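Every read-out reported here was derived from the displayed coordinates using simple, explicitly stated rules and does not represent laboratory data. Remember, predicted model here, so these are calculated numbers, not experimental data. Heads up, the Cβs are rebuilt from the backbone with ideal geometry, glycines too, and the neighbour counts pull from every protein chain shown.
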């Protein structure tokens, strides 16, 4: 696992010292991603510079040093990630007489050998892993930027003053001497509202991410050629046409087998390995399958929160005891978390609006005291329908579809006639009579959102309302049309008669999961120099999930139905059958209490106006409503706070151009 960075500027006459000095500045900004080794390679005649910071996982010897040349010398690579089936690929090359004389046993060397033997696209088809790399072809004088199928590993690039600049994180691009970065106001508006963003969009105009399953090649004249070698939406369409034809028991067996192999591949490591255990379905399945096939006790790690309504550590402890893992847990006092929150923006190259970033950071920091590699359960919800919305939005769409528009409008008015706070009090009274699986944390807010759904004109509009914060007319970003974001939302395009659940899952996998969840996992783990591996993102598991009919994912009130069947083989249902909680900080209370001074400072109208990015008026309205207790506005305020905090840490490089509001296209 590494951090990579570099640039290509064929028309530049810069000398090697200048190139290397600024390349080192870029890689130093990624030192947390690779504390074990650093390397640079420059060719001033071609104008190419490749840099690497290495976290040694496979082949700890100097033979794994990067940037690395291929055996023939044609290719030079700087690479971030792991190819889990590298040993099998090496054996295939050897049996065909195509293997070079191996210098070590790093997967980087195998990548280069496969590309030399089969070509880039055929080599990519053979790789099972998470990866992002830059490949220089000295013969063709081209630079190719490549990202893995699902986008587990990040890679960004931009045109700066004629040069192509790239890096594992945006901070590497921002320190290049040509960088004059400007906030993308459209991105900012979408971020604040919670509208799903494309994974290639970034907070900086003119800087984008390589799309998952894609490679982008720049030739000697800086012409760009983009090629998609694997597409999640294409695989969703294929899976829909070629449904799994076996019985339910066959499907459970197949998923069990695929997950076992995905987990087995992700245990290849020359350093200690463990599992992050939340106590939920996904991470419990990963730990159970891994421990079942391991002769030694697997290290597992959980964090606890001292609040009986929010703490999942006791459940994780019971599951770990049943599975037999070597379990470690850490309880964080509220003050410890509160002191950590203001520094979160420093740890990420883009604002993180998900409060669980706090728990992820703490969990990986805990694991990093004992292991260098962790397996996690991220992705199970997106593949197998684990969120509340996956269960009830399809039902709402079906049931509301036949209700006349007039009746729906009347029902919406009735729901909104009662305040969310009053609804919450009502549900508190009746909670003992409500089954645990049907209880909600904020029923009043959800009922008001339901009212907005009821007057939606289509399933897609219902989903848009579900996915967004703020009202459509609220002006948040200066110079941005507040009416535009709600109207330009659309599901990813799928050809065929898909049910609403299938469209939701495919859409979320290629938007919010890549843009938010995977990014969160990558930053939270790499900040503390820990490699996070995501078994559910094995492309074979993903492709199989697309073949499953919706009733194997949602059965009645139960989400992740088939995954629960797999876990039930190893863990009694009583240990994991409970409402999905996740890690919910009591932000609503903290913003009014110990975080109030921090919040007031970040939301001060004069400083917001001075920057010229946000309109403070609607923000202050929400803050006043929250302070008085009239409404819980933590969901609205938290993204604003994270952005303002991020701007304080990262703003100096963009402050001089914040007033530039002209549209800039992505090159």
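Under the simplified labelling scheme, the residue 551-residue 250 pair shows an inter-label distance of 1.6 nm, with each label point 7 Å from Cα along Cα→Cβ. Over the stretch 146-252, the fraction of Cα-Cα pairs per 5 Å bin, rounded to whole percents and listed from the shortest bin up, is 2, 10, 16, 17, 18, 13, 8, 6, 4, 3, 2, 1. An ellipsoid equivalent to the stretch 587-657, defined through the eigenvalues of its Cα gyration tensor, has semi-axes of 23, 13, 9 Å when rounded to whole angstrom and sorted largest first. Subtracting the Cα-Cα distance of residue 624 and residue 103 from 0.36 nm times their residue separation leaves 181.1 nm of extension gain. The angle between the Cα long axis of helix 616-628 and the longest principal axis of the Cα atoms of the chain comes to about 50 degrees, rounded to the nearest 10.
When you restrict to C-alpha pairs under 8 Å that are six or more residues apart and normalise by the size of the stretch 587-657, the relative contact order lands at 30 percent.
Against the chain, whose longest principal axis is taken from its Cα atoms, helix 16-28 shows a tilt of about 30°. Its relative contact order, with pairs defined as Cα atoms under 8 Å and 6+ residues apart, puts the chain at 17 percent.
For the stretch 80-220, relative contact order (Cα pairs under 8 Å, six or more residues apart, normalised by length) works out to 22 percent. Between 0 and 90 degrees, the angle of helix 405-416 with respect to the longest Cα principal axis of the chain falls at about 80 degrees. Computed extension length for residue 71-residue 37: 10.1 nm, one decimal, from 0.36 nm per residue of separation with the Cα-Cα distance subtracted. Note on residue 598 and residue 45: their simple-model spin labels are 5.5 nm apart, each label 7 Å out from Cα toward Cβ.
With bins 10 Å wide beginning at 0, the percent of Cα pairs of the stretch 282-437 falling in each bin runs 8, 24, 29, 22, 13, 4, 0. Expressed to the nearest 5 percent, the antiparallel share of DSSP beta bridges inside the chain is 75 percent. Computed over the chain, the P(r) tail beyond 31 angstrom holds 54 percent of alpha carbon pairs. If R0 is taken as 30 Å, the Cβ-Cβ distance between residue 331 and residue 388 corresponds to a FRET efficiency of 0.65. Using the Cβ-Cβ distance between residue 475 and residue 138 with R0 = 45 Å, the FRET efficiency computed as 1/(1 + (r/R0)^6) comes to roughly 0.30. Taking other Cβ atoms within 10 Å as a rough exposure proxy, 520, 140 sort from fewest to most as 140, 520.
One decimal place: the segment residue 264-residue 494 gains 79.5 nm when fully extended, by the rule 0.36 nm per residue minus the C-alpha distance. Ordering 557, 460 by the number of other Cβ atoms within 10 Å of each residue's own Cβ, fewest first, gives 557, 460.
Taking only the Cα atoms of the stretch 356-407, the ratio Rg/Rh comes out at 1.34, with Rh defined as the Kirkwood radius.
Estimated from helices alone, the mean residue ellipticity of the chain at 222 nm is -12500 deg cm²/dmol (sum of -39500 (n - 2.57) over DSSP H runs with n ≥ 4, per residue). When 277, 627, 170 are arranged by Cβ crowding within 10 Å, least crowded first, meaning fewest neighbours, the order is 627, 170, 277.
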